[in-house]
Amino acid sequence: MRAATRSVASLALVLAACNCREVTAGDSSGPGGDLRPLDTCEWSKPESCRLDAKTRIKWKLDLGCGACMASAPVIGKTGEIYLTTETTLYAVSADGQIRWKAALPINPEGGVRPPAVSPTGDIVLTTYKGAVVCYDPGGKLKWGFILDGPFYSGGIGLAQVTLPVISRSGDIFVAATDKKVYAIDAAGKLKWKRAFESYPAGDLTQNPTIPDGKLLVPMVGVPTLLALDLGSGETRWERSLAEHGKSIAGHVAAGGLYIVSMLTIDNASPRPLSGSVVGLRPVDGSVAWSARVDDGYVGRLLADPAGVVYGVGDNNVTGSQGGEMSIHALASKDGTLLYNDRLGLDRLAVSQLGPVGADGQLYATVGQATSTPGDRLISYSVRDRSVTEVHRFVEYAQGAAQPALLPDGTLILPWSTFLDRTGPVWTTSLDLYAIQTQSAGLARGGWPREGHDNQSSGDLSTPLP
């Protein structure tokens, strides 16, 4: 296994200290409130910290993978949990038992690929080497589809194919670094493909979505947003966003608009990361509003049923451990910054943001960049802007995948624990946790997690139970 490293990406949180018990918002009347801890504890002594008494570990499953990382879990039609490592697809029962394992047909070389679940319960995933594969709910490989290629090679860990997006009709859509978008039916047959060689600087590396019956495809490097017809692949419209930033960092559908976060990198600047957020009209992609992010940029986005869009901002001050990071909340209707809660500078925490629970809790995995003990799962209340620690992982650990949140409040989260950090390659133990929370499932509306729903369909019309 390669050395286990942390990716300081768009989804990162900073905690001012060990925020045991609860943290309350600072200035609740407007943007820029700092979260102040009610009490603190030593990161080096996490066993001395108090945890949220309302949560508990329901079960913990050793996946028997001694040196690997795990993907974000997804949930099947009858409650099965599916996730992948670098080489294996796992099916786990709701009570924490391994039902079956299937070897992936192509080693993805350096990363894990979260699966998606089709309307019929099949499990679909893409590989780093340019294939789409489908398994039935019993773990049998049904079909594989090899994309055209050749693919742009950006080194180990860079996917050649996006994650699959699955429509309510069961059609599967992927984009790839061969500058093509593919539509594949539920039987593994090609429906259509579109080539975009006329964009030499355009990279089809960010996951598409289906927000309202159109396939929305970000072209990262140009940057341009493409809206394609689901049935034919014909272009409905395309919108250049070059005046708002150099790259598309994320997008969601919220409040009747497409909300796109933009990123510009200037390494010569003391604050090299800057960005904006843009609201687009679905009918033609015209710009409804544009909002500058004053203290950095926000990356991947989530949205609640009220149309509030959330992202984690990073001002990335040169010479710091990565910058001062904060939770941004914007109104989708006009881009108004509702608040920007800065979470502190002294403890850099790499995280996955989401999901948003039905009770307004925004979950995130956080920890120190140096992988010292005390990584944790926190929840941020979007209603009163407070932070609660849900669970602390005392071991040297890394949470690298977004959890799934079940209707009964169970949070499913894979977690890698470092067993040996003495050599150049660290060995890990991979466990799957089921943590009981107070959230009654995902928020019913908006875009509450990456992939939209627990099946990771990427389709806004997929029901949220």
Practice task
Answer yes or no as to whether Ala102 is in a strand (DSSP E or B), surrounded by fewer than 22 Cβ atoms within 10 Å (Cβ to Cβ) and modelled with pLDDT of 95 or more.
Solution key: no
Problem - Identity of the residue in the stretch 353-393, assigned to a loop (DSSP other than H, G, I, E, B) and of a type in the set (Ser, Thr, Tyr), that ends up modelled with the highest pLDDT - result: Ser386
Fill in the blank from the handout: In the stretch 69-89, residues that are within 11 Å of Ile123 (Cα to Cα) and in contact (Cβ under 8 Å) with a residue 60 or more places away in the chain total 6
Handout entry: Enumerated strands (runs of 3 or more DSSP E) restricted to the stretch 126-237, each holding at least 1 residues that are surrounded by fewer than 17 Cβ atoms within 10 Å (Cβ to Cβ), on the phi < 0 side of the Ramachandran plot and not basic (Lys, Arg)
Key = 141-146, 190-195, 224-229
Handout entry: Pair list, Cβ under 6 Å, 6 or more apart: the stretch 445-465 residue among the hydrophobic types (A, V, I, L, M, F, W, C), other residue not in a loop (DSSP other than H, G, I, E, B)
Key = Trp447/Val252; Trp447/Leu302; Trp447/Ala303; Leu460/Ala253; Leu464/Leu442
Practice task
Check whether at least one residue in the stretch 424-438 is out of contact with any helix residue (DSSP H, G or I) (no Cβ under 8 Å at 6 or more places or on another chain), modelled with pLDDT of 70 or more, in a loop (DSSP other than H, G, I, E, B) and surrounded by fewer than 20 Cβ atoms within 10 Å (Cβ to Cβ), and report yes or no.
Solution key: yes
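To keep it simple, each residue is scored yes or no on (1) touching a Pro at 6+ places or on another chain (Cβ under 8 Å); (2) not charged (D, E, K, R).
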{"position": "Trp59", "(1), (2)": "no, yes"}
{"position": "Asp62", "(1), (2)": "no, no"}
{"position": "Val74", "(1), (2)": "yes, yes"}
{"position": "Tyr90", "(1), (2)": "no, yes"}
{"position": "Ala103", "(1), (2)": "no, yes"}
Handout entry: Boolean, Gly250 is small (Gly, Ala, Ser), more than 17 Å from the chain's Cα centre (by Cα) and buried (at least 17 other Cβ atoms within 10 Å of the Cβ)
Key = no
Completion exercise
Restricting the stretch 41-74 to residues that are more than 22 Å from Ala103 (Cβ to Cβ) and aliphatic (A, V, I, L, M), the one modelled with the highest pLDDT turns out to be Ile57
Completion exercise
Of the conditions (1) at positive phi; (2) surrounded by fewer than 24 Cβ atoms within 10 Å (Cβ to Cβ); (3) modelled with pLDDT under 90, the single one that Asn340 does not satisfy is (1)
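The values are calculated or read from the model by the stated rules, or taken from the named source; none is laboratory data. The structure presented is a predicted model; accordingly, all values stated were derived computationally and were not measured. Heads up, the Cβs are rebuilt from the backbone with ideal geometry, glycines too, and the neighbour counts pull from every protein chain shown.
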